[in-house]
1. Give the percent of DSSP beta bridges with both residues in the chain that are antiparallel, rounded to the nearest 5.
2. Suppose all protein chains stay in the model; what accessible area per residue would a 1.4 Å probe give for the chain, in Å²?
3. Go through the range 2-62 and name the trypsin sites (Lys or Arg not before Pro) that are in a DSSP coil and have 14 or fewer other Cβ atoms within 10 Å of their Cβ.
4. Once the Cα atoms of helix 56-65 and of the chain are each reduced to a long axis, what angle between those two axes, in degrees from 0 to 90 to the nearest 10, is obtained?
5. For the chain, calculate the relative contact order in percent as a whole number, restricting contacts to Cα pairs under 8 Å that are 6 or more residues apart.
6. Spelling out what I want: for every residue of the range 46-51, take phi, set θ = phi - 60°, compute 6.51 cos²θ - 1.76 cosθ + 1.60 (Karplus), and round to whole Hz; glycine and proline get x.
7. Would you report the distance distribution of C-alpha pairs in the range 1-112 as whole percents per 5 angstrom bin, up to the bin with the largest distance?
8. From the phi angles alone, apply the Karplus equation (6.51, -1.76, 1.60; θ = phi - 60°) to the range 125-141 and give each ³J(HN,Hα) in whole Hz, x where the residue is Gly or Pro.
Amino acid sequence: MLDNSTIFHQLLSPICRTDFERLSSQYHQGQKLRCASRWDQFIAMLMSQLSCRQSLRDIQSNLEVQQAKLIQFGAKRIARSTLARLNEQQPAQLYEALFNKLLSYCQKSKTTHKFRFKNPLYSLDASHIDLSLAIFPWAKINQHKASVKLSVGLNHSSLIPTFVALSDGIENDMVQGRKFQFPKAVLLYLIKVMWIINGLHALQRKRLAFVTRLRPKSVYPC
């Protein structure tokens, strides 16, 4: 199977390997890397994030299974001790710089849609991000779990979030969404909705057209 037929390859396609290696050389500390490269580290961490790996041992086991695919991406299997050392000792600024590169690429890219709308289209959603309770005690929501909630307003013309808010994991979805100041005369798609009728009426008063699902057993005036 060709590497360009995988979803993972499509995720990597905006990343220029030459730019990555240049940034890797720029943000490097200590002696020259021998057992693994920053690209190996990046592929390992990206795959572990997408597959929800829980530990270094879990990451290593997954990489061993995916070893044939790693070769297609120009990477190789990395030992958990080596991965831990790279994560601890090498500057994380490499990935900050890589993010800025990708952001610039996305801002210049034009998106095409099968559907055409007269007004700009935004999607509003909120998602939970699970955290380690031992490392992030400030995000505690119960005795066994910690999390935060990420609220995002996505502009479909560029596929770049225009509004982003990070809040408590137990906060209602509509709290941060109400604070976003969307432009007038836009079409707003509410993906995961916990909005009450009054909240939807507030959107209407702001001249925001919206598409959503009603909550179960919603009661609204005819």
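The values are calculated or read from the model by the stated rules, or taken from the named source; none is laboratory data. For clarity, every value in this text was computed on a predicted model and none was experimentally measured. Reconstructed Cβ throughout: ideal geometry from the backbone, glycine too, with neighbour counts over all protein chains shown. Each accessible area value is taken on the protein alone, full model and side chains, heavy atoms only, with ligands, DNA and RNA left out. Shrake-Rupley method; radii C 1.70, N 1.55, O 1.52, S 1.80 Å.
1. Within the chain, antiparallel bridges account for around 75 percent of the total.
2. 68
3. Those satisfying the criteria are 32, 34.
4. 80
5. 14
6. 5, 5, 5, 5, 5, 9
7. Bins of 5 Å from zero give 2, 11, 21, 23, 21, 15, 6, 2, 0, 0 percent of pairs.
8. 8, 10, 10, 7, 10, 6, 10, 7, 5, 5, 8, 10, x, 5, 9, 5, 10
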